[in-house]
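Engineer: One structure coming up, written as structure tokens, with questions to follow.
Read the figures in this text as sums done on the coordinates, not as results from a lab. All figures in this text were calculated on a predicted structure; none of them were measured in a lab. Methodologically, a virtual Cβ is constructed for each residue, glycine included, from the backbone with ideal geometry; neighbour enumeration extends over all protein chains shown.
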Amino acid sequence: MGPTDAVHRQGPGRLSAGRPDPIPATWGLCGLCVAVFLLGLAAQAVPPLHRGGGDFVWARAFDLLFALRPEAIAQGALWQALTYALLHGHWAHLLINVAGLAVTGATLERLLGGRRTLTLFALGAAAGACGFLGSLLADPRLPSAGACVGASAILTACIGAATTLAWRERVTLWVAIVPLRLRAWWLLPLFLVFSVCEILLWPAVTAYGAHLGGWLAGLALGCLWHRRLIGWLADWK
């Protein structure tokens, strides 16, 4: 699955995502992900500090401090439930997530506004962290000391919110580089099929628990905001 422009609607009486408001939350998150990735690359280039007890490797310390690790969470590093979403393992990982957020997050922000979008991002990341930690406990195939990085839980939260906010509308879903036009409600079974494939086929290489956790948070927030949003848009028009 790929990024989806999930709430762009046109025509009389329909929700519109075309207001000319700026998008600071979405572009701010994308820029922060890129900046943190570059900072991580810079940390890899810094020579280690040689001490009597061993070398201090900056890149390793950066990862230990901000990536989501169950042992660190157990010791009180709760900030990792948010900061892990800013880290990415490689350029392709970063580009996929930033591209998805640039399409789906930006469209949602035009509809929801910056404050609700930030709420969606934060709760999506936190729910993704809970889903990842839960999958480590429940799935014996996964290493108990695994780590999680990436903004994909935020992206799946955006997809979940878009599904409930634009249930009957046509959306554009990008599969690799191929755009598909379909009703938004199709995102629900498609995401479930994608999740089943992750669980059965690629459990060790995809953080399926984080994806599911973020998606469920997005679905819940979309349901919570849907009725209020309809009334607000009626007043605004």
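Engineer: On full extension of the chain, what length is gained from residue 220 through residue 170, given 0.36 nm per residue of separation minus the C-alpha to C-alpha distance?
Structural biologist: Full extension of this stretch gives 15.9 nm more.
Engineer: Which peptide among 65-72, 136-143, 118-125 comes first, and what is the full order, when sorted by highest mean count of other Cβ atoms within 10 Å?
Structural biologist: Per-residue mean Cβ counts within 10 Å order the peptides as 118-125, 65-72, 136-143.
Engineer: Amide H neighbours of residue 171 under 5 Å, at least 5 residues apart or on other chains, H built in the peptide plane: list them.
Structural biologist: Distant-sequence amide H within range of residue 171: 182, 183, 184.
Engineer: Would you calculate the separation in nanometres between label points at residue 185 and residue 27, each defined as 7 Å from the Cα along the Cα-to-beta-carbon direction?
Structural biologist: So the two model labels end up 3.6 nm from each other.
Engineer: With θ set to phi - 60° and the Karplus curve 6.51 cos²θ - 1.76 cosθ + 1.60, what are the ³J(HN,Hα) couplings of region 191-197 in order, to the nearest whole Hz, using x for Gly and Pro?
Structural biologist: 5, 5, 5, 4, 5, 4, 4
Engineer: Enumerate the amide H contacts of residue 87 below 5 Å, restricted to partners 5 or more residues apart or on another chain; note that Pro and chain-start residues carry no placed amide H.
Structural biologist: Those qualifying (amide H under 5 Å, at least 5 residues apart or on another chain) are 150.
Engineer: Let's test the formula: R0 of 35 Å, r as the Cβ-Cβ distance of residue 200 and residue 115. What FRET efficiency results, to the nearest 0.05?
Structural biologist: For R0 = 35 Å, the calculated efficiency reads 0.35.
Engineer: Which ³J(HN,Hα) values in Hz, rounded to whole numbers, follow from the phi angles of region 75-82 under the Karplus curve 6.51 cos²θ - 1.76 cosθ + 1.60, where θ = phi - 60° and Gly and Pro get x?
Structural biologist: 8, x, 7, 5, 4, 5, 5, 10
Engineer: Same structure again: Expressed in nm to one decimal, what extension gain is obtained for the pair residue 75 and residue 193 from 0.36 nm per residue of sequence separation less their Cα-Cα distance?
Structural biologist: Gain in length upon complete extension: 38.9 nm.
Engineer: Each residue of region 116-133 in order: what ³J(HN,Hα) in whole Hz does its phi give by Karplus 6.51 cos²θ - 1.76 cosθ + 1.60, θ = phi - 60°, with x for Gly and Pro?
Structural biologist: In residue order, the calculated couplings are 5, 5, 4, 4, 4, 4, 5, 5, x, 5, 5, 5, x, 4, 4, x, 5, 5 Hz.
Engineer: Between residue 41 and residue 61, what length comes free when the chain is fully extended (0.36 nm per residue of separation minus the Cα-Cα distance, one decimal in nm)?
Structural biologist: Taking 0.36 nm per residue and subtracting the Cα distance, the gain is 5.9 nm.
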